[in-house]
There are 2 protein chains.
Amino acid sequence: MLKRSISFLRSLNLMRLREGIQATRPTSSQLHHMISERKRREKLNESFHTLKSLLPPGTKKDKASVLTTAREYLTSLRAQVAELSKRNQQLEARLPPAAKEAYNEEAAGSSNERVSVTLTQVVSESTPDQDQQIFDLQVVLRSVECCTEDMVIRILEFLKQVNNVSLMSLEANTWMSGSDSNVNRVILRLRVDQGTEWDEAAFQEAVRRVVADLALNNCRNQ
Amino acid sequence: MLKRSISFLRSLNLMRLREGIQATRPTSSQLHHMISERKRREKLNESFHTLKSLLPPGTKKDKASVLTTAREYLTSLRAQVAELSKRNQQLEARLPPAAKEAYNEEAAGSSNERVSVTLTQVVSESTPDQDQQIFDLQVVLRSVECCTEDMVIRILEFLKQVNNVSLMSLEANTWMSGSDSNVNRVILRLRVDQGTEWDEAAFQEAVRRVVADLALNNCRNQ
DNA sequence: GTTTGCACGTGGTCGA
DNA sequence: TCGACCACGTGCAAAC
């Protein structure tokens, strides 16, 4: 019914335009403008309709209501994303880092090295923050009498001096391996702020030197 | 159909009237209509502006662009929520059962205490050694700025002074809780040689004092 | 020049 | 009747 009246008005106006055909020269441009505006309007209305279809179904078909509820829904979704991301980070923080590689490495060769430091980046698709990265630092030390406490303390005190990394989680184990030589393994999950420079190899080498120095000192003491 | 003809006649009459006399009918009702429509328009534009302010900042100030980008952003946020929720569920499913209690405890009350120390004996039927016992020491510290590194270092240095306990494994996490107050949790598995005297409550109280002292010092420093 | 976009006033419909 | 809402055509800018 409404469409009918609209089209009726349209034809009426067109008739009016044709009535003044002799005095109004820019009829074609005006007509083009008119239909262009009509096209714009219907496109905008279509966008309104599709947007309303995405909103929660109890929404009024009001244009203003569509806008305001879109705004509210958007902020709500943002809050949900933030909360979920935070909770996700909490969960990931206390998730034990994968320790399978250490076992394989220990079972295989490379045991001639008393200290091994590996640094692997954790790719997490849930929190793809571009300004920070997450690394897993694994330190394995085979020594006759280097207690895990000293090792962890040394590593942590070293980490405190590096200002753009922060500790997310830490996992340390010690176990006997073969005849009276125990193996200490520490896995640290680190969050690296990407703002400053970050030399991965240099950091790894520094950790290696710290641990090797600890092993030397301890062996000299005993 | 009848209505159509009626409206047609009416509009025709109105147009005739307007053509004839233009100054006699700008009555107050038309003026009210005008300013009301103006009010409506500016309110709608305001809604447009606020909605655009919530969109990603590279958005065109076009009305249609605002609508379409709002739609895209909304679907994107929805997808993010779905993916985060799925991942969250996966993470919660594979969460170790030991950490669930701490999670609930953190979510529930008992947050009035900034430091909590619990010591539980691990009964393991696989190694029923009678001359040594295994304990799990859990330390939770809620503080605005007590980094986990210091906490672990303090606990380990304290442990080094106790001569009849040795560290088996260590697990430390830190995560944000609420507004800018992070929670540090450290779980230590200790082997206690039963030969000498072993006062469980005293040990726990000593750990609590160490951690509380650390928190005090850190709060005083900052 | 043309196209795009927007605010304006206006007439019309639908519900209190 | 009054108020809210909407579509229409048009004048007026700025941008391709």
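Computed from the coordinates by the stated procedures, all read-outs in this text should not be read as laboratory data. If you're wondering where the values come from, they're calculated on a predicted model, not measured in any experiment. Don't worry about glycine lacking a Cβ; one is built from the backbone with ideal geometry, like all the others, and counts go over all protein chains shown.
A DSSP coil position with no more than 13 other Cβ atoms inside 10 Å describes the following GluC sites (Glu not before Pro) in the stretch A:139-169: A:145. What the Cβ-Cβ distance of residue B:209 and residue B:78 gives, at R0 = 51 Å and to the nearest 0.05, is a FRET efficiency of 0.50.
Ranked by how many other Cβ atoms sit within 10 Å of their own Cβ, fewest first, the residues B:52, A:60 fall in the order A:60, B:52.
Modelled this way, with points 7 Å down the Cα-to-C-beta line, the labels at residue A:121 and residue B:198 are 4.6 nm from one another.
Taking label positions 7 Å along the Cα-Cβ direction at both residue B:90 and residue A:161, the computed distance is 4.0 nm, reported to one decimal. Ellipsoid fit via the Cα gyration tensor, the stretch A:40-93: semi-axes of 32, 11, 8 Å, each the root of five times an eigenvalue, largest first.
A point 7 Å from Cα along Cα→Cβ stands in for residue A:123, and the other copies hold the same point at 4.7 nm, listed in rising order. Taken residue by residue and averaged, Cβ atoms of other chains lying within 10 Å of the Cβ of A:147-157 number 5.
In this structure, the residue pairs whose Cα-Cα separation is over 29 Å, taken from A:43/B:43; A:43/B:86; A:39/B:52; A:63/B:86; A:86/B:63; A:86/B:60, are A:43/B:86; A:63/B:86; A:86/B:63; A:86/B:60.
Using a Förster distance of 25 angstrom, determine the FRET efficiency expected from the C-beta separation of residue A:46 and residue B:30, and round it to 0.05. Efficiency at R0 = 25 Å is approximately 0.20.
For the segment A:77-89, counting C-beta atoms of other chains within 10 Å of every residue's C-beta and taking the mean gives 5. Relative to the other identical copies, residue A:64 shows label-point distances of 2.5 nm, where the label point lies 7 Å from Cα along the Cβ direction and values run shortest first.
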